[in-house]
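Chemist: I'd like to ask you about the structure that follows.
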Amino acid sequence: MAEVLVYVDHVDGAVRKPTLELLTLARRLGEPVAVHLGPGAEQAATVLGEYGATRVLAADAPEFGDYLVVPKL
């Protein structure tokens, strides 16, 4: 079965709802693999596993904190 990569959108370690919805949908296509960039991967791994992630690929580098995907409130 093919792996489906899902980028984890999170704020301060809390996984956002669209990521969980994408993991659920990814299970229909193959094995969901979560890609977590930045701090908090250990805390997020439990929630991601509950929604079907078979693996969590994590990278924590200071550079990830310098760039925003969406505006930070």
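Chemist: Could you tell me how many of the residues in region 5-19 are of a type in the set (A, V, I, L, M, F, W, C) and either surrounded by fewer than 20 Cβ atoms within 10 Å (Cβ to Cβ) or assigned to a loop (DSSP other than H, G, I, E, B) (or both)?
Modeler: Within region 5-19, the subset of a type in the set (A, V, I, L, M, F, W, C) is 5-6, 8, 11, 14-15.
This time we only want the ones that are either surrounded by fewer than 20 Cβ atoms within 10 Å (Cβ to Cβ) or assigned to a loop (DSSP other than H, G, I, E, B) (or both), so: 5, 8, 11, 14.
The number of residues fulfilling the criteria is 4.
Chemist: I'm trying to understand the selection: among the residues of region 33-44, which are open to solvent by 40 Å² or more (accessible area, probe 1.4 Å) and within 15 Å of TYR7 (Cβ to Cβ)? Steps first, please.
Modeler: Taking region 33-44 and keeping what is open to solvent by 40 Å² or more (accessible area, probe 1.4 Å), we get 37, 39, 42-43.
The one that is open to solvent by 40 Å² or more (accessible area, probe 1.4 Å) and within 15 Å of TYR7 (Cβ to Cβ): LEU37.
Chemist: Here are some conditions: (1) among the hydrophobic types (A, V, I, L, M, F, W, C); (2) modelled with pLDDT of 95 or more; (3) open to solvent by less than 70 Å² (accessible area, probe 1.4 Å); (4) out of contact with any Pro (no Cβ under 7 Å at 6 or more places or on another chain). LEU23 meets all but one. Which one does it not meet?
Modeler: Looking at each condition in turn, LEU23 falls short on (4).
Every residue, every condition in (1) among the aliphatic types (A, V, I, L, M); (2) in contact with a strand residue (DSSP E or B) (Cβ under 9 Å, 6 or more places away or on another chain); (3) at pLDDT 90 or above; (4) under 13 Å from VAL8 (Cα atoms), yes or no:
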| position | (1), (2), (3), (4) |
| --- | --- |
| HIS36 | no, yes, yes, yes |
| GLY40 | no, yes, no, yes |
| ALA44 | yes, yes, yes, yes |
| GLY49 | no, yes, yes, yes |
| ALA53 | yes, yes, yes, yes |
| ALA58 | yes, yes, yes, yes |
| ASP66 | no, no, no, no |
| PRO71 | no, no, no, no |
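Residue by residue, here is whether (1) under 21 Å from ASP66 (Cα atoms); (2) assigned to a helix (DSSP H, G or I); (3) without any contact (Cβ under 8 Å) to a residue 40 or more places away in the chain; (4) small (Gly, Ala, Ser) holds:
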{"site": "MET1", "(1), (2), (3), (4)": "no, no, yes, no"}
{"site": "LEU23", "(1), (2), (3), (4)": "no, yes, yes, no"}
{"site": "ARG28", "(1), (2), (3), (4)": "no, yes, yes, no"}
{"site": "VAL33", "(1), (2), (3), (4)": "no, no, yes, no"}
{"site": "PRO39", "(1), (2), (3), (4)": "yes, no, yes, no"}
{"site": "GLY52", "(1), (2), (3), (4)": "no, no, yes, yes"}
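Chemist: Here's another thing I want to ask about it. Show the residue pairs meeting these rules: Cβ distance below 7 Å; 6+ apart or different chains; first residue within region 54-69 and closer than 30 Å to ARG28 by Cα and among the hydroxyl-bearing types (Ser, Thr, Tyr); second residue at pLDDT 80 or above and outside any helix (DSSP H, G or I).
Modeler: THR54/GLU31; THR54/PRO32; THR54/VAL33
The values are calculated or read from the model by the stated rules, or taken from the named source; none is laboratory data. Bear in mind the structure is a predicted one, so any value in this text is a computation, not a measurement. Heads up, the Cβs are rebuilt from the backbone with ideal geometry, glycines too, and the neighbour counts pull from every protein chain shown. Note: accessible area is taken over every heavy atom of the protein model, side chains too, but ligands, DNA and RNA are not part of it. Shrake-Rupley method; radii C 1.70, N 1.55, O 1.52, S 1.80 Å.
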